[in-house]
Amino acid sequence: QVQLVEFGGGLVQAGGSLRLSCAASGRTFSRHVMGWFRQAPGKEREFVAVISWSGGVADYADSVKGRFTISRDNANNTVYLQMNSLKPEDTAVYYCAAGPLGGSVLRRRGYDYWGQGTQVTVSS
């Protein structure tokens, strides 16, 4: 079992930056691919970014590529999402998620564990 808790959401002006953190419990963190997703009001949850076990490989949604960076610290069971050049359309609840234990393929769906989410609001 992996329990996930997100931190770092808030209100920011367009063009600003935020860094989200996701703290994981358990001893298997380093063997889960980790992802970030978001859900805006009235919209379906969408993929944002995913990172490999070691942190050496990542994948991003086209809408955030070049502005967001996902990273992880396996020693501290934490995954991060650095968000720069934020736009009003980035406003959403952001969730971190853990993929299946031992599953090494970077994925955009099929996650087993989810956090409760943290609100990010970007004002224009």
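The values are calculated or read from the model by the stated rules, or taken from the named source; none is laboratory data. Keep in mind that this is a model prediction, so the values were computed, not measured. Here the Cβ is made from the backbone with ideal geometry for all residues, glycine too, and neighbour counts use every protein chain on show. Surface areas here come from the heavy atoms of the whole protein model, side chains and all, with no ligands, DNA or RNA. Shrake-Rupley method; radii C 1.70, N 1.55, O 1.52, S 1.80 Å.
Within the range 1-46, being of a type in the set (S, T, N, Q) and more than 19 Å from D62 (Cα to Cα) holds for Q1, Q3, Q13, S21, S25, T28, S30.
Taking the range 105-121 as the range and being surrounded by fewer than 21 Cβ atoms within 10 Å (Cβ to Cβ) and in contact with a Ser or Thr (Cβ under 7 Å, 6 or more places away or on another chain) as the test, the residues that pass are L106, T121. All conditions but one from (1) more than 13 Å from the chain's Cα centre (by Cα); (2) open to solvent by 20 Å² or more (accessible area, probe 1.4 Å); (3) not small (G, A, S) apply to R72; the one that does not is (1).
Just so you know, in the range 1-17 the residues that are open to solvent by less than 30 Å² (accessible area, probe 1.4 Å) and either among the hydrophobic types (A, V, I, L, M, F, W, C) or closer than 22 Å to L106 by Cβ (or both) include one that is farthest from the chain's Cα centre (by Cα), and it is V12.
Residues that are at pLDDT below 95 and of a type in the set (S, T, N, Q): does the range 63-72 have at least one? No, that holds for no residue. Restricting attention to the range 75-100, the residues that are closer than 19 Å to D112 by Cβ and open to solvent by 10 Å² or more (accessible area, probe 1.4 Å) total 4. In the range 1-100, counting only strands (runs of 3 or more DSSP E) that sit wholly within it, the ones holding 1 or more residues that are within 19 Å of V122 (Cα to Cα) and not aromatic (F, W, Y) span 4-7, 10-13, 18-24, 34-39, 46-51, 68-73, 78-83, 92-98.
Checked against the criteria, F37 does not count as more than 11 Å from the chain's Cα centre (by Cα), touching a residue at least 60 places away in the same chain (Cβ under 8 Å) and surrounded by 22 or more Cβ atoms within 10 Å (Cβ to Cβ).
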